[in-house]
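First the structure, then my questions, so here it is.
The values are calculated or read from the model by the stated rules, or taken from the named source; none is laboratory data. This one's a predicted model, so the numbers in the text were calculated from it and none came from an experiment. Cβ sites come from the backbone with ideal geometry, for glycine too, and all protein chains shown count toward neighbours. Note: accessible area is taken over every heavy atom of the protein model, side chains too, but ligands, DNA and RNA are not part of it. Shrake-Rupley method; radii C 1.70, N 1.55, O 1.52, S 1.80 Å.
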Amino acid sequence: MNPLRWILRAAGALIISLAVSLPASAAVLTYDREELPGGAVLLVKESQELPIITIRVSFPGGTRYEPLEKQGLANLTAGMLVRGTRRRSSSAIEKLNDRIGGGVGVSAGRDFSAASIRLLTRDLERGMDLLADVLRRPLFPGKELEKMKTRTLGGLQRKKDRPGHLADRAFRERLFGSHPYGRQVEGTPETIKKIRRKDLVKFHRQRYGMKGAIFIFVGDISLARARGLVMGHFGGWRSRPGPSPVEPAGSNEAKGKMTIIKIDRPFKQATVLLGNRSISRRHKDFYAARVMNYILGGGSFESRITKNIREEKGLVYSAYSYFAAGMDTGHWRLSLQTKNASANQAIAEAIIEIRKMQDEGVGDRELSEAKAFITGNFATRFQSSSRIAEYILAVERLGFGPGYADEYLDLISAVTKDQVQKAAKKHIRLDEAVLTVVGILDEAKLEY
Amino acid sequence: MRRIALALIAALLTAYPVSIAVGGGEISGGPVDSSGLLQVPWRVTEHRLSNGMRALLLQDRRAPSIVFQVWYGVGSRDEPKGKTGVAHMLEHMMFRGTTKYGPKEFSNIVMRNGGTHNAFTSFDYTAYFERIASDRLGLVMGLEADRMINLVLKEEELAPERKVVMEERRSRTEDSPTGALFEKLRATSYTKHAYRNPIIGWAADIDGYSLEDLGDFYKRYYTPNNATAVIVGDFEVDEAIRLLEKHFGPIPSRPFEGRPQMTEPEQTAPRRLTLRKEAQLPYVAMAHHAPNWKNEDGPALLMLENILGGGETSRLYQRLVRKDAIALGAGADYTYVSLDPMLFYLYGQPAPGKKAIDVEKTILDEVNRLIRKGVSKEELERNLRSVEARTIFAMDSHFYRAMQLGRAMIAGDWRLVSGYLPSLAKVTSADIVRVAKKYLRSQNRTTATLVPIPPGEKQPQPKNAKNQGESR
């Protein structure tokens, strides 16, 4: 990012004079990128300040690749990778993990799965050996699988204590149906029970391998060393991808009016989720939408929604909105909790703020302050290796290059008032929204 | 989220199964000490202003930004009777205006400069922080210095903030079965010491604070001689000291009578409580009074915590979750860095269909097995290596490094962040058995059990549920 260019651009967009923030240098986020034989990508961000190396390995192994009747398969496959290999028992893996201060963990999301490990420099060799072992040679022992299924079912039950989870589950399901974004990563009790060892073996064979893998190293390691380790441990590793069962995200039904989901549970607070299907992360409007949402509900204490319903009216501890912009689709949501009796008022005030944004847009000062925050805050967020690794991974998964940080700052800086208002009208759709409320309905007496 | 009552979160032990061990002893200069352990030094510069304010400065140039924190030696333990939660309430009010800035300006200034900010309150401390580009260090210092002396407390600002805190309490405690359980467990374990009170305060007290209560508390504790600034990140030490002197130097120190001293009488008989609440699954937690870093048993207690409950290879996890499969989670939690002695917890969440009493018995069976048979060399060594690695990993995040420094400073000495590995390396199996016998005995234990009322459409009103099972 060229700061001068930024100042000129910002100055052009501004009339009033403010403490305009210069973005902290995005140079912190440059990194090396290399394509490896077999279709993998290697990304390295070297820094020798501490004797620590943070590693992530990403695979196209999220829930979107699992059959509908076996929801939870991606999650179980990821979890079971560390439960025994041809060379190590489950307990040997645990002990080695312990010795190196945490060790390898694997988890699945909706689009991808990822292994992560953090190592002291002195443990690099044996850490990589362990990582390759669990990723390449898992055994998926049947007894371990049964235990993990039981624990997953227990975890699902425990989550029902959380009003936020109950609301999210219903909200996603209504927005996205059987699309992966509408399902729970853990699956459902019915589908988990149907999953067999052979399903894991097959899923692993199809989704884990060099093709589509992203290797990320942050910390005390050079590009050459990282390349040598990856090729030494993973060279020649092939996957055999089968047909992808992912469903296209269908369009929303019930256009023209909001869908209301009410869930009666004895919580003192009503948990409110309001939102609609919206843009993917690669949509051209993402940047205007990001700025708009900062002003509306994403900018913590500076957002209109927080100023109104928290700072002025004291109705909530927390209220915020965001675009959950995924790979091929996404959604916008507003989330808040308030005592049941205040639910109507909090929802009404939030809707007033949304409509005001759509009808009147934003002022010059608000716009310039929003851009100043987003650009100025950008590089300050990367104060740990894991934050840097997560960022680099997200950029690569989205198909952006190592220069994306500068591009992002430029695109944010270029957003106009008109674009902000258009983004509010186009990408927040109360007429197609889903409103979910979990709480004591007798007390909430919802007017919706 | 914002204005976090930090220890409230930490109390949800299931989410934080491993507390990073932080120990005492001398900081080691070299990378490897005599016990063969890897130690990375914390290159901290200490500075003291003439008004008594302290500062800890630590350069870390991996990102072009800084974390700035101001720690006050005041927390929920220091609150007057009937005013529980006033430290946390005051923390919220610190964002609502000074003689220099209006009620909404603090946040606006920090954020339009690309910074983020927040604050947290715990039993022993209240801390405020900003994360911002390095060239804005002077700006955030100016803001923190301003609210150290110029806070304006107004009824029209207090009224909505009081409601906000009530909502915060509902989220954290009243609608969280484990949050509510640990609140009651502390209130029963302590009979005299103010650690018995929740950081956020009892609901009735939150309703009752006056502006005067807040003002008195502010005047007493918010003085430079009771504050420590912590800076971690990419900055020049000399320049940062110059800025500290410029912004905080002119603030006069006030006579500070010190923090209230208090002790908890020794517990002589087991206590037990039950909380009946809407929940899916039961939960059991046991709390034992245990000394902190100020006592020579501290290092052995840290090793005991790790061996019994530090992660997936710990004895409780292996036995209850992996082998017997009667629990979804199990572990131990001990606080080494604190002002006064806290609690050594053992806890477990029964798996569906399993009983809390069996989880409780099995946890105690593991404690007894450890006392009977001790710990093998291999297990000791493995745990030591694990703590060693995690201690270095804990240096990775700017924010967390600043947290560790501030917390240790409040507890007595910032050097508590490091240099404890040598003392851990000296801990023997006999030491661990001895402290297990001494502190994990039944007379020193309070056991809390969550008995779920299954949530259904037609359940009793939760209004009443709060008082059910009260045993205080």
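Condition check: in a loop (DSSP other than H, G, I, E, B), of a type outside the set (S, T, N, Q) and open to solvent by less than 10 Å² (accessible area, probe 1.4 Å). Does B:LEU281 satisfy that? Walk me through it before giving the result.
On the way: in a loop (DSSP other than H, G, I, E, B): yes; of a type outside the set (S, T, N, Q): yes; open to solvent by less than 10 Å² (accessible area, probe 1.4 Å): yes.
Yes; evaluated as a whole, the condition is true for this residue.
What is the residue count in segment B:183-207 for residues that are part of a helix (DSSP H, G or I), of a type outside the set (D, E, K, R) and open to solvent by less than 50 Å² (accessible area, probe 1.4 Å)?
Qualifying residue count for the region: 8.
Which numbered condition trips up A:MET357, out of (1) more than 14 Å from every other protein chain (Cβ to nearest Cβ); (2) buried (at least 20 other Cβ atoms within 10 Å of the Cβ); (3) assigned to a strand (DSSP E or B)?
(3)
Within segment A:378-414, can you find the residues that are at the interface with chain B (Cβ under 10 Å from one of its Cβ atoms) and either without any contact (Cβ under 8 Å) to a residue 24 or more places away in the chain or not polar (S, T, N, Q) (or both)?
Keep residues of segment A:378-414 that are at the interface with chain B (Cβ under 10 Å from one of its Cβ atoms), which gives A:378-388.
Residues satisfying the conditions are A:PHE378, A:ALA379, A:ARG381, A:PHE382, A:GLN383, A:SER384, A:ARG387, A:ILE388.
A follow-up question, please. Scan segment A:147-170 for residues that are among the acidic types (Asp, Glu), within 9 Å of chain B (Cβ to nearest Cβ) and not in a loop (DSSP other than H, G, I, E, B) and report the count.
Going residue by residue through segment A:147-170, those that are among the acidic types (Asp, Glu) are A:161, A:168.
Restricting the remaining residues to those that are within 9 Å of chain B (Cβ to nearest Cβ) gives A:161.
Next cut, not in a loop (DSSP other than H, G, I, E, B) only: none.
Within segment A:147-170, residues that are among the acidic types (Asp, Glu), within 9 Å of chain B (Cβ to nearest Cβ) and not in a loop (DSSP other than H, G, I, E, B) number 0.
Moving on. Looking at segment A:308-323 only, could you name the residues that are in a helix (DSSP H, G or I) and within 7 Å of another protein chain (Cβ to nearest Cβ)?
Initially, segment A:308-323 is screened for residues in a helix (DSSP H, G or I), giving A:308-312.
Passing the criteria: A:ARG310, A:GLU311, A:GLU312.
For segment B:150-173: of the residues being farther than 17 Å from A:VAL272 by Cα and facing chain A (nearest Cβ under 8 Å), which is most open to solvent (accessible area, probe 1.4 Å)?
For segment B:150-173, the residue satisfying everything is B:LYS163.
Just to be sure I understand the filter: pairs with C-beta atoms under 9 Å, separated by 6 or more residues or on different chains, first member in segment A:185-199 and in contact (Cβ under 8 Å) with a residue 60 or more places away in the chain, second member outside any helix (DSSP H, G or I) and of a type in the set (A, V, I, L, M). Which pairs pass?
A:VAL185/A:ALA108; A:GLY187/A:ILE195
Let me ask something else about it. Kindly state which helices (runs of 4 or more DSSP H) lie completely within segment A:379-448 and contain at least 1 residues that are touching a strand residue (DSSP E or B) at 6+ places or on another chain (Cβ under 7 Å), of a type in the set (Gly, Ala, Ser) and within 30 Å of A:LYS160 (Cβ to Cβ).
Details: elements: A:385-397, A:404-413, A:417-427, A:441-444.
Answer list for segment A:379-448: A:385-397, A:441-444.
Got a sec? Which of B:ILE109, B:ILE66 is within 8 Å of another protein chain (Cβ to nearest Cβ) and of a type outside the set (Phe, Trp, Tyr)?
Every option except B:ILE109 fails the conditions.
Among the residues of segment B:261-276 satisfying the criterion of being within 23 Å of B:LEU364 (Cα to Cα) and open to solvent by less than 60 Å² (accessible area, probe 1.4 Å), which is farthest from the chain's Cα centre (by Cα)?
Looking at residues that are within 23 Å of B:LEU364 (Cα to Cα) and open to solvent by less than 60 Å² (accessible area, probe 1.4 Å), I get B:ALA269.
Same structure, new question: Collect the residues in segment A:93-143 that are open to solvent by 40 Å² or more (accessible area, probe 1.4 Å), touching a residue at least 60 places away in the same chain (Cβ under 8 Å) and farther than 18 Å from A:THR54 by Cβ, keeping them in residue-number order.
Once the filter is applied, which keeps residues that are open to solvent by 40 Å² or more (accessible area, probe 1.4 Å), touching a residue at least 60 places away in the same chain (Cβ under 8 Å) and farther than 18 Å from A:THR54 by Cβ, segment A:93-143 yields A:ARG110, A:ARG136.
Please work out which residue is surrounded by the most Cβ atoms within 10 Å (Cβ to Cβ), limiting yourself to segment A:80-91 and to residues that are under 16 Å from A:LEU135 (Cβ atoms) and within 12 Å of chain B (Cβ to nearest Cβ).
Taking segment A:80-91 first, the residues under 16 Å from A:LEU135 (Cβ atoms) are A:80-88, A:90.
Now narrow it down to the ones that are within 12 Å of chain B (Cβ to nearest Cβ): A:82-83, A:90.
On the way: A:VAL82: 24, A:ARG83: 21, A:SER90: 18.
For segment A:80-91, the residue satisfying everything is A:VAL82.
Any idea which residue in segment B:110-143 is most open to solvent (accessible area, probe 1.4 Å), counting only those that are of a type in the set (A, V, I, L, M) and over 16 Å from A:SER300 (Cα atoms)? Write out each step before concluding.
Of all residues in segment B:110-143, those of a type in the set (A, V, I, L, M) come to B:110-111, B:119, B:127, B:132-133, B:137, B:139-141, B:143.
In the following step, the residues that additionally are over 16 Å from A:SER300 (Cα atoms) were identified as B:127, B:133, B:137, B:139-141, B:143.
Values: B:ALA127: 0, B:ALA133: 7, B:LEU137: 7, B:LEU139: 64, B:VAL140: 0, B:MET141: 0, B:LEU143: 6 Å².
Here the answer is B:LEU139.
Looking at segment A:27-73 only, could you name the residues that are part of a helix (DSSP H, G or I), open to solvent by less than 10 Å² (accessible area, probe 1.4 Å) and under 29 Å from B:ARG390 (Cα atoms)?
Result: A:LEU29, single match.
In segment B:366-387, what residues are open to solvent by 30 Å² or more (accessible area, probe 1.4 Å), in contact with a Lys or Arg (Cβ under 9 Å, 6 or more places away or on another chain) and within 17 Å of B:ARG441 (Cβ to Cβ)?
B:ARG369, B:ILE371
If the requirement is being over 18 Å from A:ARG304 (Cα atoms), β-branched (Val, Ile, Thr) and surrounded by 23 or more Cβ atoms within 10 Å (Cβ to Cβ), which of these qualifies: A:THR416, A:THR380? Full working, then the answer.
Numbers: A:THR416 fails: surrounded by 23 or more Cβ atoms within 10 Å (Cβ to Cβ).
On inspection, the qualifying residue turns out to be A:THR380.
Can you pull out the residues in segment A:198-246 that are in a helix (DSSP H, G or I), more than 30 Å from A:GLU146 (Cα to Cα) and β-branched (Val, Ile, Thr)?
If the condition is that a residue be in a helix (DSSP H, G or I), more than 30 Å from A:GLU146 (Cα to Cα) and β-branched (Val, Ile, Thr), then A:VAL230 is the only one that fits.
Which residues, counting only those in segment B:319-341, are at pLDDT 95 or above, open to solvent by 30 Å² or more (accessible area, probe 1.4 Å) and in a helix (DSSP H, G or I)?
Residue satisfying the conditions is B:ARG319 alone.
Also, I was wondering about something else. Could we say that B:TYR101 is in contact (Cβ under 8 Å) with a residue 12 or more places away in the chain and under 22 Å from B:MET409 (Cβ atoms) here? First the steps, then the outcome.
On the way: in contact (Cβ under 8 Å) with a residue 12 or more places away in the chain: yes; under 22 Å from B:MET409 (Cβ atoms): no.
In short, no.
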